[in-house]
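The values are calculated or read from the model by the stated rules, or taken from the named source; none is laboratory data. Keep in mind that this is a model prediction, so the values were computed, not measured. Using ideal geometry, Cβ is built from the backbone for each residue, glycine included, and neighbour counts are taken over all protein chains shown.
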């Protein structure tokens, strides 16, 4: 597979427009734009998108993915030239989609080939702590990602799926269970040990989440933290321990589970002033679709009630994996819809799940294989891009860290839109159409308007 190249013009005469559309060859493709015209009063039968850059909202921190054991192991099965192509696809702002955010696992997760921790059995004092397991694949993989970032540092946060089995009431890293009270301080110290070890190895840690999916008993690594459990652990153990070790600048992310219970968890944690002082933000996933559909308004409700608390999506993926459905257009549209809704409801960042997986949607030691934006057929030494890669790129390539969201609206419910103003003064508008309908529209900004033909099942980025 050859590296893809995006041609980004420098002219300020006309807006730059890029499109990805079903039943076409357009994949983040630049298209010609029509001459600008003077904006006029729109009528009911006209379709338009309107942007107001004078109204600004949250600061954008970045978009990225998770650097799991599975991603690292798959990466090292590729030839050197394919590894370099992979890095450009994700991290190059010109020839790729400019990722700037990342997540990795503390101890093993489902997307590991084996189950592991960093201490010996029953070592409550963590005297045997070491990250030797990660030296073969994951650490060098993440360091390579850092080396591919242009002009700014990769923001990396770390998340545990389970404490060591001996710290839990079910004596098992799998199948839920709870952290035993006598290990609360030991587990808080474990975070500190991990962060120090990674930073000594050359990987800066920007933040940490308390527990991946704390209300899910999974067949893979998992641990239950009720709202009261997480409240107690943050305010009496993890928060004070971070401060004691001069890590109060690390961004502490609570919840890290689906939108359905997000507002409940926010109320419990953020109305407690002692706990809230340690919490930088709340993370959430998109899998609440199992409970009746996407619950975007819960993100909005938290943003309204706790406007100084940061919100970010910390995990999302399409599933189950199958080559038979690899090219279905819904996979990309899932990302486009969720990203637009989340940013419009106040999210400051968005983190996909595995950044790379193999030809079976793994490796995964509990057989729950999933999609990633890029898959490798390791036996063929080839890379394969899903349409989700391009949908994500319509945001990550053009909206850069430090941007501020601005007002954007459309007069058709079939169209979704969001907009940001970058630090360089450019404005980025993303417009998405999930329907079979084609629209003749105008993008209105200030006293100017740009005609735009919006294709069916397509996503557009307009850069002014």
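Regarding residue 98, is this residue in the same structural domain as residue 191 (by TED's automatic domain parsing) and either closer than 22 Å to residue 225 by Cα or part of a strand (DSSP E or B) (or both)? When the stated conditions are applied, residue 98 does not pass them.
Of 413, 372, all but one fail to be on the phi < 0 side of the Ramachandran plot, without any contact (Cβ under 8 Å) to a residue 12 or more places away in the chain and out of contact with any helix residue (DSSP H, G or I) (no Cβ under 6 Å at 6 or more places or on another chain); the exception is 413. Restricting attention to the stretch 32-68, the residues that are under 30 Å from residue 318 (Cα atoms) and either modelled with pLDDT under 95 or assigned to a loop (DSSP other than H, G, I, E, B) (or both) add up to 4.
Residues that are touching a strand residue (DSSP E or B) at 6+ places or on another chain (Cβ under 8 Å) and part of a loop (DSSP other than H, G, I, E, B) were ranked within the stretch 423-445; the one that is nearest to residue 20 (Cα to Cα) is 434. Selection of first residues in the stretch 31-45 that are assigned by TED's automatic domain parsing to the domain that holds residue 21 and surrounded by 14 or more Cβ atoms within 10 Å (Cβ to Cβ) and of second residues that are modelled with pLDDT of 90 or more and assigned to a loop (DSSP other than H, G, I, E, B), restricted to Cβ pairs under 6 Å at least 6 apart or on distinct chains, gives the following pairs, ordered by first then second residue: 33/15; 39/447. Among the residues making up the stretch 186-224, those that are within 19 Å of residue 277 (Cβ to Cβ) and over 20 Å from the mean Cα position of the chain (by Cα) are 188, 191, 192.
Residue-by-condition table, conditions (1) more than 30 Å from residue 114 (Cα to Cα); (2) within 20 Å of the chain's Cα centre (by Cα):
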residue: 234; (1), (2): no, no
residue: 253; (1), (2): no, yes
residue: 293; (1), (2): yes, yes
residue: 305; (1), (2): yes, no
residue: 310; (1), (2): yes, yes
residue: 313; (1), (2): no, yes
residue: 319; (1), (2): no, yes
residue: 326; (1), (2): no, no
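Annotation: of all residues in the stretch 127-139 being surrounded by 17 or more Cβ atoms within 10 Å (Cβ to Cβ) and out of contact with any helix residue (DSSP H, G or I) (no Cβ under 6 Å at 6 or more places or on another chain), the one that is nearest to residue 60 (Cα to Cα) is 139. The numbered conditions (1) in a loop (DSSP other than H, G, I, E, B); (2) surrounded by 20 or more Cβ atoms within 10 Å (Cβ to Cβ) are all true for residue 420 except (1).
Within the stretch 446-464, the residues that satisfy the criterion of being under 23 Å from the mean Cα position of the chain (by Cα) and either within 15 Å of residue 14 (Cβ to Cβ) or assigned to a strand (DSSP E or B) (or both) are 458, 459, 460, 461, 462, 463. With respect to being under 24 Å from the mean Cα position of the chain (by Cα), on the phi > 0 side of the Ramachandran plot and in contact (Cβ under 8 Å) with a residue 24 or more places away in the chain, residue 177 falls outside the description.
Yes or no, residue by residue, for (1) farther than 12 Å from residue 230 by Cβ; (2) in the same structural domain as residue 338 (by TED's automatic domain parsing); (3) surrounded by fewer than 22 Cβ atoms within 10 Å (Cβ to Cβ):
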residue: 249; (1), (2), (3): yes, yes, yes
residue: 253; (1), (2), (3): no, yes, no
residue: 268; (1), (2), (3): no, yes, yes
residue: 279; (1), (2), (3): no, yes, no
residue: 282; (1), (2), (3): no, yes, no
residue: 287; (1), (2), (3): yes, yes, yes
residue: 291; (1), (2), (3): yes, yes, yes
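A count restricted to the stretch 1-31 and to residues that are in contact with a helix residue (DSSP H, G or I) (Cβ under 6 Å, 6 or more places away or on another chain), within 19 Å of residue 428 (Cβ to Cβ) and modelled with pLDDT under 90 stands at 0. You will find that of 125, 107, the residue that is assigned by TED's automatic domain parsing to the domain that holds residue 209 and in contact with a strand residue (DSSP E or B) (Cβ under 9 Å, 6 or more places away or on another chain) is 107 and no other.
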